[in-house]
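A.B. asks: There's a structure below that I have some questions on.
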């Protein structure tokens, strides 16, 4: 890839990720302020969700830099490590926080009687340490020596172009590539040892919650029929079944829209990025941007679907709307 292609790749990345990143940052800020302003939401479950929102906010900030890992750039050793380690840490921290939030809510439904005695509630600082410290330690392994920086510049970032090679030598820089920062073993371990198990765990807990909810719904309908002494389903039962159906559809669509693109991108990376085969850089950039961006939308969907989190922003918008309407009516009243 020459310098012109590199600039074109960067422009494409910024064109896709900047609008998505801005939306993620603004939505997370709205939900975070909604939790902070509402004192009734100051409890341990919402603190876990707040930690997830902070991680998602940071992921939104780092979103434009994640696809840049697939491009070859002229950077020093320290700058190259930071450009790869920091976004990777934020992504893993976001994923760990997401698993913790799903686990906390899963236990709440699975065993509500012992929910208040969970170790996460009794040792909240320890839970935060678990979701933030291991991602940082793992992401920093390349800085501790687990990298390919001593290997030759097989991507031709500095060798293929004489002018670029001269700049690399003069500025004490080299070709910064994910292949030189992350070893194949590191990427395989992260994908199949951390990321994929985390996604499968989230999917398994979500499916288990839907199954338990379906059983509880049947018990409620059975109890309602015994009280009413009727055989036909009442309007209330139909509303409950309809609400459950909507919940299943919403969860399924969220998984298809948010997780499937990332799973596709992840396996494309394993199939092509770790091999020596040439790939379509434009296709890779689009998959990278949409895959990582769709995954970062998950907490935003969870937060915006809760009216308690969005109520402060809704009140503010209503006040602004009423004030604008009032100012629009004043000139007419004066003229009359």
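The values are calculated or read from the model by the stated rules, or taken from the named source; none is laboratory data. On a predicted model such as this, the values are computed, not experimentally measured, just so you know. Virtual Cβ from ideal backbone geometry, glycine too; neighbours counted across all protein chains shown.
A.B. asks: Please state which one of 171, 167, 163, 117 is modelled with pLDDT under 90, over 29 Å from residue 268 (Cβ atoms) and touching a strand residue (DSSP E or B) at 6+ places or on another chain (Cβ under 7 Å).
C.D. replies: Criteria check complete, one pass: 167.
A.B. asks: To continue, here is another question. Which pairs turn up if I take residues in the range 264-289 that are surrounded by fewer than 19 Cβ atoms within 10 Å (Cβ to Cβ) and look for partners that are at pLDDT 75 or above and part of a helix (DSSP H, G or I) with beta carbon separation below 6 Å, at least 6 apart in sequence or on another chain?
C.D. replies: What qualifies is 268/287; 274/184.
A.B. asks: Looking only at the range 43-55, how many residues end up being over 17 Å from residue 94 (Cα atoms) and either modelled with pLDDT of 90 or more or touching a helix residue (DSSP H, G or I) at 6+ places or on another chain (Cβ under 8 Å) (or both)?
C.D. replies: 1
A.B. asks: Is it the case that residue 68 is modelled with pLDDT of 85 or more, surrounded by 19 or more Cβ atoms within 10 Å (Cβ to Cβ), in a helix (DSSP H, G or I) and in contact with a helix residue (DSSP H, G or I) (Cβ under 9 Å, 6 or more places away or on another chain)?
C.D. replies: For residue 68, the condition - modelled with pLDDT of 85 or more, surrounded by 19 or more Cβ atoms within 10 Å (Cβ to Cβ), in a helix (DSSP H, G or I) and in contact with a helix residue (DSSP H, G or I) (Cβ under 9 Å, 6 or more places away or on another chain) - is not met.
A.B. asks: Right, another one. Looking only at the range 283-303, decide whether some residue is in contact with a helix residue (DSSP H, G or I) (Cβ under 8 Å, 6 or more places away or on another chain), modelled with pLDDT under 75 and farther than 18 Å from residue 31 by Cβ.
C.D. replies: The answer is yes; a qualifying residue exists.
A.B. asks: Could you check the range 174-190 and list, in sequence order, the residues that are assigned to a helix (DSSP H, G or I) and under 22 Å from residue 82 (Cβ atoms)?
C.D. replies: Those that are assigned to a helix (DSSP H, G or I) and under 22 Å from residue 82 (Cβ atoms): 178, 179, 180, 181, 184, 185, 186, 187, 189, 190.
A.B. asks: Sticking with this one: Run residue 205 past the list (1) in contact with a helix residue (DSSP H, G or I) (Cβ under 6 Å, 6 or more places away or on another chain); (2) modelled with pLDDT of 85 or more; (3) under 19 Å from residue 266 (Cβ atoms) and report the number of the one that doesn't hold.
C.D. replies: All conditions pass for residue 205, except number (3).
A.B. asks: Follow-up question, since we're still on this one. Quick one: residue 94 ticks every box in (1) surrounded by 15 or more Cβ atoms within 10 Å (Cβ to Cβ); (2) in contact (Cβ under 8 Å) with a residue 40 or more places away in the chain; (3) over 24 Å from residue 200 (Cβ atoms) bar one, so which box is it?
C.D. replies: Exception for residue 94: condition (3).
A.B. asks: A further question on this structure: For residue 63, state whether it is within 26 Å of residue 141 (Cα to Cα), out of contact with any strand residue (DSSP E or B) (no Cβ under 9 Å at 6 or more places or on another chain), touching a residue at least 40 places away in the same chain (Cβ under 8 Å) and not in a strand (DSSP E or B).
C.D. replies: Criteria met by residue 63.
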